[in-house]
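The values are calculated or read from the model by the stated rules, or taken from the named source; none is laboratory data. If you're wondering where the values come from, they're calculated on a predicted model, not measured in any experiment. Cβ sites come from the backbone with ideal geometry, for glycine too, and all protein chains shown count toward neighbours.
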Amino acid sequence: MIRILLVDDHAVVRTGYRRLVDSEPDMSVLAEAATADEAYGRVVAGGIDVAVVDLSLRESSGIDAIRRMLARNPALGVVVLSMHDSAGFVMQAMRAGALGYLTKSCEPDEMLAGIRAVAAGRRYLSAEVAQCLAGASLEGEQLLQRLTPREFEVLRMAAAGATAETIAERMHLSPKTILNHLSAIRRKLDADNDFALMHLAARHGLVQLEGAVGA
């Protein structure tokens with residue numbers, strides 16, 4: 001039996017996933033979490049084989065949740081199920097330790113196949129995610145790979161308008177550490193100022209800014 005943790009900040013979404021998973025004879029939802037802290041606590045409690053994680057948690061970082069859970073239990077299988085399908089999100093989730101990545105537009109059977117594959121220790125990408133990665137590779141979209149998963153999350157939240165203090169609280173770091181990360185991000189991405197950094201974030205699908213995407 002595959003014992004599953006659902007990590008999503010929408011209760012209605014978790015309920016739908018639970019009904020799908022619990023209808024299968026070889027898997028069961030053991031716990032649910034709405035934040036990175038709750039997810040970590042569920043992993044500490046033990047018994048979880050696979051965590052199904054949304055990256056856009058309202059009050060915390062999905063990528064940070066992956067990192068913390070795997071630090072506690074390296075044998076945990078992680079499947080990302082996210083609305084984000086850009087290569088940057090996929091690569092950073094994988095670098096944080098996720099084995100599977102699917103978008104929320106995938107078919108239910110594909111989600112179940114992804115859980116089973118990851119539970120068996122195999123990598124699993126949905127067809128559209130694999131196509132996205134292939135396209136990014138062909139186009140040379142390697143810029144965001146210069147960032148660590150933590151730096152990527154700092155950039156994502158900053159681009160969405162979060163202050164250094166808010167990001168620090170969500171990631172359990174000090175505001176000074178966040179500012180240091182932002183300085184390192186600007187240096188790695190050759191962004192001279194915050195406007196250039198936000199424009200770059202929009203161009204790579206981290207955030208939608210009116211008039212910036214595709215510019």
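Quick look at the numbers
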{"quantity": "Complete set of residues in the stretch 68-96 that are under 22 Å from residue 155 (Cα atoms) and of a type in the set (Val, Ile, Thr)", "calculated": "80, 90"}
{"quantity": "Helices (runs of 4 or more DSSP H) completely within the stretch 134-201 that count 2 or more residues being modelled with pLDDT of 90 or more and farther than 13 Å from residue 89 by Cα", "calculated": "164-171, 175-188"}
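Okay, residues lined up against (1) modelled with pLDDT of 95 or more; (2) outside any loop (DSSP other than H, G, I, E, B); (3) among the acidic types (Asp, Glu); (4) surrounded by 22 or more Cβ atoms within 10 Å (Cβ to Cβ):
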{"residue": "14", "(1), (2), (3), (4)": "yes, yes, no, no"}
{"residue": "29", "(1), (2), (3), (4)": "yes, yes, no, no"}
{"residue": "41", "(1), (2), (3), (4)": "yes, yes, no, no"}
{"residue": "70", "(1), (2), (3), (4)": "yes, yes, no, no"}
{"residue": "75", "(1), (2), (3), (4)": "yes, no, no, no"}
{"residue": "106", "(1), (2), (3), (4)": "no, no, no, no"}
{"residue": "112", "(1), (2), (3), (4)": "yes, yes, no, no"}
